[in-house]
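Input: a single structure, listed below in structure tokens.
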Amino acid sequence: MQTRLYINGEWVAPAEGGTLPVIDPATEEVFHHIPAATAPDAEAAVAAAREAFDNGPWPRLTGAERAKYLRAIAQGIRDRLPELAHMETRDNGKPLPESEWDLSDAAGCFDFYADLAEELDGEVEEIALADDRFTAKAVREPLGVAVAIVPWNYPLLMASWKVAPALAAGCTMILKPAETTSLTALELGAIAEAVGLPKGVLNILSGKGSVVGQALVEHPQVDKVAFTGSGPVGSRIMATGARDIKRISLELGGKSPFVVFADSEIEKAVEWIMFGIFWNQGQVCSATSRVLVEAPLYPRLLERLVEEAQKIRIGNGLDEGTLLGPLVNKSQYEDVLRHIDRAVEQGATVACGGRHDGFDKGFWVAPTILTDTALDSDAWVEEIFGPVVCIRPFDTEDEAIRLANDSRFGLAAAVMSADETRCERVARAFRAGIVWINCSQPTFTEAPWGGYKQSGIGRELGRWGLDNYLETKQITSFVSKEPWGWYLK
């Protein structure tokens, strides 16, 4: 495990010598310390990335040449997958199979953007003009120096969503992982070093967001900031970036609905409802945490949902068979419990779950189902970011759509019904950037990811993710043999 920052292709001690503890959320054991970068480290990393972009080879390589590095990074992740997955689980708490899945997806992300990097070579869009004395074309070029600030729920996967397209485009980057889950992000530096990535192309700074993250966002030599995290922090980043007219993309919070119609199969509905909220301990921005069930199905579905939720095996993510691990840290654990207590104060009923007291140490919350939540209650309105789902009945399709869209968020939504036409109709009616039909949470590198309303700005993944790191340039030529003749007759 790394103990230094990765800047300009070298491992260096943080300028002010600080460290942060790495705590296993299942045992509360401090098992490592990571370097705590500060403003001088941010300055050094930006300078390295700027030099690499302005004068280094990276932006001037062909897409095919950059693709070779991206594929080598993908293979480097795969070669170390068992080790990295174990590290991810100790750092984050999620069950080991989930960490393995995440890391496999991270490797796949680098492969995907390697393919898109190759497609950039020779890409020119000829533009038809009304005046045949001119020709015009559009070309795309790397944007510049990018900063990626990623969250703690999917440490290396969220990093790959930003690093891979940025490098594919020809940008240079500073990666700032979450201060509580930086281990695998730092190891990405070791992988980049091993494949010979040119110096300064990727720099990795662990440390507090309020310190080094802020310094990066404020830096005038940064051209682009990509952030995944909470709405309030995203708002501050957007305001700070406005000073220098930085390019900003934000993937923020959610309070996503899942509408289940009465013709749905109960067992399928229960499975997807649980996957939509209990996967990754509910620490998922797109989690379908508001479930709306058509009234005739509601009593039976609620009964089965409670029954199955209580069967979910809770335990250390490294233990075989664990399906729900601890929350990531004490702060998040206490915040989720406060939300549950507040829900009860506001009239909700805890059908199952709440604080889990089966362990001497660790940050454990059982799969929690809340009923009778008022539409203006905090539990129904606010993102809890834990294994807590609110469920309520509805009577008509119009009511379901109205309730689903009644949120300041618009990241994701899901609908389940045996009627395909109805599913398509409801999917179109949702005000959300990601919609699932008869499922919840499947995520594919090829498809766009991002939200409406206060859930963010821009899209990641697919070709849309690459577009985040490219500028479009118009090149127009005067080709007529006749003189322009405006001034000189």
- Task: Would you be able to say whether some residue in segment 387-408 is touching a Cys at 6+ places or on another chain (Cβ under 9 Å) and surrounded by 17 or more Cβ atoms within 10 Å (Cβ to Cβ)?
- Result: no
- Here the residues within segment 290-321 that are open to solvent by 60 Å² or more (accessible area, probe 1.4 Å) and either within 30 Å of PHE430 (Cα to Cα) or not in a loop (DSSP other than H, G, I, E, B) (or both) are PRO296, PRO299, ARG300, GLU303, GLU307
- Name every residue in segment 82-128 that is among the aliphatic types (A, V, I, L, M) and farther than 26 Å from PRO387 by Cβ, in order of residue number. ALA107, ALA114, LEU116, ALA117, LEU120, VAL124, ILE127, ALA128
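Do any strands (runs of 3 or more DSSP E) entirely within segment 98-197 hold 2 or more residues that are under 30 Å from GLY317 (Cα atoms) and either among the hydroxyl-bearing types (Ser, Thr, Tyr) or touching a residue at least 12 places away in the same chain (Cβ under 8 Å) (or both), and if so, which? Steps first, please.
Working: elements: 125-127, 134-142, 145-149, 172-176.
Output list reads 145-149, 172-176.
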- Message: Going residue by residue through segment 453-472, is there one that turns out to be aromatic (Phe, Trp, Tyr) and either under 14 Å from GLY254 (Cβ atoms) or modelled with pLDDT under 95 (or both)?
- Response: no
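From SER235, SER206, grab the single residue that is polar (S, T, N, Q), without any contact (Cβ under 8 Å) to a residue 40 or more places away in the chain and farther than 16 Å from TRP161 by Cβ.
Being polar (S, T, N, Q), without any contact (Cβ under 8 Å) to a residue 40 or more places away in the chain and farther than 16 Å from TRP161 by Cβ holds for just one of SER235, SER206, which is SER235.
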- Criterion: open to solvent by less than 20 Å² (accessible area, probe 1.4 Å) and within 17 Å of the chain's Cα centre (by Cα) - qualifying residue of ALA178, ALA169: ALA178
- Positions within segment 437-489 being touching a helix residue (DSSP H, G or I) at 6+ places or on another chain (Cβ under 6 Å), of a type outside the set (Asp, Glu) and not in a loop (DSSP other than H, G, I, E, B), in sequence order: ILE437, GLY465, LEU466, LEU470
- So which of ALA168, ALA130, ALA148 ends up being out of contact with any His (no Cβ under 8 Å at 6 or more places or on another chain) and under 21 Å from LEU252 (Cα atoms)? ALA148
- Message: Exactly one condition in (1) over 28 Å from the mean Cα position of the chain (by Cα); (2) surrounded by fewer than 20 Cβ atoms within 10 Å (Cβ to Cβ); (3) in contact (Cβ under 8 Å) with a residue 40 or more places away in the chain is false for SER417; which is it?
- Response: (2)
- Any idea which of TRP58, TRP101 is hydrophobic (A, V, I, L, M, F, W, C), at pLDDT 95 or above and surrounded by fewer than 18 Cβ atoms within 10 Å (Cβ to Cβ)? TRP101
- When you go through (1) surrounded by fewer than 22 Cβ atoms within 10 Å (Cβ to Cβ); (2) in a loop (DSSP other than H, G, I, E, B); (3) not hydroxyl-bearing (Ser, Thr, Tyr) one by one for ALA287, which number turns out not to apply? (1)
- Query: For ALA44, all conditions in the list (1) more than 26 Å from VAL328 (Cβ to Cβ); (2) among the aliphatic types (A, V, I, L, M); (3) open to solvent by 50 Å² or more (accessible area, probe 1.4 Å) hold save one; what is the number of the exception?
  - Reply: (3)
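The values are calculated or read from the model by the stated rules, or taken from the named source; none is laboratory data. Please read these numbers as outputs of a predicted model, since none were measured by experiment. Don't worry about glycine lacking a Cβ; one is built from the backbone with ideal geometry, like all the others, and counts go over all protein chains shown. Quick note on the areas: whole protein, heavy atoms, side chains included, nothing else; ligands and nucleic acids left out. Shrake-Rupley method; radii C 1.70, N 1.55, O 1.52, S 1.80 Å.
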